[in-house]
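The values are calculated or read from the model by the stated rules, or taken from the named source; none is laboratory data. On a predicted model such as this, the values are computed, not experimentally measured, just so you know. For neighbour counting, all protein chains shown are included, and Cβ atoms are generated from backbone atoms with ideal geometry for every residue, glycine included.
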Amino acid sequence: MRKRTESFDRSLAAPSTFMFTGEICSRSYALNRFAFAFKFPTHRRRFAEAPEALMDEFGLTAKEKDLVQRRDWTGLVAAGGHHFNIIKIAAAVGESHMHVGAHMCGADWNEFKQGLPHVVDVMPEDLG
């Protein structure tokens, strides 16, 4: 049996939890609209071809653009991105909701996998 690690934060207390209120949703409307559009293949293709132009088109702030470019999933949620929308961006760049979860816990991906209730040996990207 594999050794599991408990070194990442599983707390529901701040700063591990980010509120998503109507005010935050309104303030981060452009970011969420941008992220939600990743459900469309044309949007994903355009992002792969010219991410900066697409982010400009959706009116993202310089901070939001930086967070997207750095794949800072936690920062995007803290900036008001709804986690379901942020996961759409992650999927478009080859990461899963579990990668986002690892990032939000402050754990590296391999460490996070070992801490899951069921051992995850293979992810789709591992299949080649």
Over the range 56-94, the set of residues assigned to a helix (DSSP H, G or I), of a type in the set (A, V, I, L, M) and more than 22 Å from E23 (Cα to Cα) is I89, A90, A91, A92
Among all residue pairs at least 6 apart or on different chains, which show Cβ distances below 8 Å where the first residue, located in the range 24-37, is surrounded by 15 or more Cβ atoms within 10 Å (Cβ to Cβ) and in a helix (DSSP H, G or I) and the second is modelled with pLDDT under 95 and of a type in the set (A, V, I, L, M, F, W, C)? L31/L76; L31/A79; N32/C25; A35/L76; A35/I86; A35/I89
Kindly provide the set of residues from the range 72-109 that are in contact with a His (Cβ under 8 Å, 6 or more places away or on another chain) and not aliphatic (A, V, I, L, M), ordered by number. D72, W73, T74, W109
Report every pair of residues separated by at least 6 positions or lying on different chains whose Cβ atoms are under 7 Å apart, first residue within the range 43-67 and exposed (fewer than 15 other Cβ atoms within 10 Å of the Cβ), second in a helix (DSSP H, G or I). G59/A30
